[in-house]
1. Looking only at residues in segment 135-161 that are within 30 Å of Leu185 (Cα to Cα) and surrounded by 14 or more Cβ atoms within 10 Å (Cβ to Cβ), which one is nearest to the chain's Cα centre (by Cα)?
2. In segment 12-32, how many residues are open to solvent by 40 Å² or more (accessible area, probe 1.4 Å) and farther than 15 Å from Lys66 by Cα?
3. Which members of segment 216-241 meet the condition of being within 16 Å of Leu41 (Cβ to Cβ), without any contact (Cβ under 8 Å) to a residue 24 or more places away in the chain and assigned to a loop (DSSP other than H, G, I, E, B)?
4. Kindly indicate which of Ala63, Ala19, Ala2 is more than 18 Å from Trp224 (Cβ to Cβ) and aliphatic (A, V, I, L, M).
5. Among the residues of segment 172-215, which ones are part of a strand (DSSP E or B) and under 12 Å from Pro102 (Cβ atoms)?
6. Being of a type in the set (Ser, Thr, Tyr), open to solvent by 60 Å² or more (accessible area, probe 1.4 Å), closer than 27 Å to Val176 by Cβ and at pLDDT 95 or above: is that true of Thr97 here?
7. For His116, only one of the following conditions fails: (1) within 16 Å of the ligand (Cβ to nearest atom); (2) at pLDDT below 95; (3) not in a helix (DSSP H, G or I). What is its number?
8. Anything in segment 74-88 that is more than 11 Å from the ligand (Cβ to nearest atom), open to solvent by less than 10 Å² (accessible area, probe 1.4 Å) and in contact (Cβ under 8 Å) with a residue 40 or more places away in the chain? List them, or say none.
Amino acid sequence: MAIYFISDIHLEPGRPALAQGFAKYLQNLAVKGDASQLYILGDFFEVWMGDDFINPFVDQVKAALKALSDTGTDIFLMHGNRDFLLGNDFCRDAGCTLLQDPSVIQLGDEKVLLMHGDSLCTEDIEYMKIRQVFRSEAWQKDFLSKSIEERIAFARQVRSESQSDQQMKSAEIMDVTPSEVERELSEHGVNIMIHGHTHRPAVHNLDSGKTRYVLGDWSDENGWEIRWDEDSGIKLKEFVL
Ligand code: MN
């Protein structure tokens, strides 16, 4: 059996080809039948304003995940900086389990740290401040109590004001801070980390002898995954959707 990792799909209704490609990816996993677990490491959706924000697009994504889950694959979903409001209602419908950022899992003999990756970009000081606010229970409770229209208006306002968001739009996401990577690896007592977010897919062999795997973001044509099995170990690859 194998374990799969993906991130930064950035699903949105305005990109039907991407949604179709993603659905096909899940179907292929089901047909191959070797995926004991699938980890989605954040920014699964381009934006998420609450599990009560339902439309046919969301229903299709839920159904696609549920179909894979029903074949026996355990699906884990970690929040990204764009979909941190994904909640238990979505996960119940989609047959997924929410996963804390960071989380440590076991791959064979090796402990591996999973993160979305935004928290590693500590030099984006403005974003780190906003992140702290958005991830607080009080802020989220207040936001989710607003009407859908109010939430949309708020998101629009933040997007136009936030420098971080403008950086994202121009795909100039700040890269990780190397010392923060080492700090997280040490804190969790692991030698391997897998994350997404930066859209800079790579395998980094660090001076410390540890390894940082970075997943890539998906386009309408291509996706990225990490696949692990006992024989082959951890492999990062790009593929055509
Ligand atoms: Mn991200």
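1. Arg135
2. Residues flagged as open to solvent by 40 Å² or more (accessible area, probe 1.4 Å) and farther than 15 Å from Lys66 by Cα within segment 12-32 amount to 8.
3. Passing the criteria: none in range.
4. Ala63
5. Selection gives Met193, Ile194, His195.
6. So Thr97 fits the description; yes.
7. Result: His116 passes all but (2).
8. Scanning segment 74-88 gives a single hit, Leu86.
The values are calculated or read from the model by the stated rules, or taken from the named source; none is laboratory data. No experiment lies behind these values; they were computed from the predicted model shown. Cβ atoms come from the backbone with ideal geometry, glycine included; neighbour counts cover every protein chain shown. To get the accessible areas, we keep the full protein, side chains included, count just its heavy atoms, and leave off ligands, DNA and RNA. Shrake-Rupley method; radii C 1.70, N 1.55, O 1.52, S 1.80 Å.
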